[in-house]
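Reading through the structure tokens given below for one structure.
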Amino acid sequence: MIKYPNSAFEALRGRGLTSQRSRDRMVNAIAEHPAMDSRVLQAMRIIPRHFFMEEALSASAYENTALPIGEGQTISQPQVVARMSSELLRSCSMKKVLELGTGSGYQTSILGLLCEEVYTIERIERLQRTAKERLTHLEYRNISYKIGDGHQGWPEQAGFDGIIVTAAAREIPQELCEQMNIGGCLLIPVGETEQLLMKVIRTEDGFDISELANVSFVPLVKT
């Protein structure tokens, strides 16, 4: 069940190109794709994407495009964020979810509205520090943060219902698969020049793997 926004959200509603009307226009365009979940779209109407990037780029915040956030990283295209969040929501329980690649914190903020507990890992300390400041300002209290190598996951907190990876791995890390509960879902881009969004479901007998879509992400770097 999506949580209602607080006064911090209301104070960041924006105006002009960062207004609620711009958010609605972005979401309405994304909603035309049949794979989108209405709960994810509702979260994206609430969350001020412009708050998760430098002010100089805020005029482009509600365009369906990826944008730079520094350190060679990007905030993902809204349609991709919506697709991955929707697929995760449909595929597993959302009680405890691991995100690999905090980045700007935008994907984290959507998960924070939809999940009971979010654990997020980022290898670049400056990015996670900034994202944490933003999410704390918005009064999220269900997010835990870690600086580290996404390939290793978060074994101390293992037993995840969902894992979402926002950078492309060369192959599906077995460590992540093993950290899911039975019935858990892993979404991960895989590949280098050509990338595929892969879905892994953990079953009693092993793992079911399927291909979802062609995507383009920055690489998942080992530290």
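The values are calculated or read from the model by the stated rules, or taken from the named source; none is laboratory data. Here the structure is a predicted model, which means the values were calculated and not measured. Counting neighbours? That spans all protein chains shown, and the Cβs are built from the backbone with ideal geometry, glycine included.
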| said: Being farther than 18 Å from residue 91 by Cα and at pLDDT 95 or above narrows it down to one residue among 130, 203, 223, 193; which is it? | reply: 130
| message | Given the condition of a type in the set (Asp, Glu) and at positive phi, answer yes or no: does some residue in the stretch 172-190 qualify? | response | no
| What do you reckon, is residue 212 in contact (Cβ under 8 Å) with a residue 60 or more places away in the chain, out of contact with any Ser or Thr (no Cβ under 9 Å at 6 or more places or on another chain) and part of a strand (DSSP E or B)? | yes
| task | Would you mind stating whether residue 153 is out of contact with any helix residue (DSSP H, G or I) (no Cβ under 7 Å at 6 or more places or on another chain) and among the small types (Gly, Ala, Ser)? | result | no
| message | It is to be established whether one or more residues within the stretch 177-185 are over 22 Å from residue 106 (Cβ atoms), under 18 Å from the mean Cα position of the chain (by Cα) and aliphatic (A, V, I, L, M). | response | yes
| query | Does the stretch 152-175 include one or more residues that are in a strand (DSSP E or B), among the acidic types (Asp, Glu) and out of contact with any Lys or Arg (no Cβ under 7 Å at 6 or more places or on another chain)? | reply | no
| Filter result for residue 97 (within 20 Å of residue 188 (Cβ to Cβ), of a type outside the set (Gly, Ala, Ser) and surrounded by fewer than 22 Cβ atoms within 10 Å (Cβ to Cβ)) | no
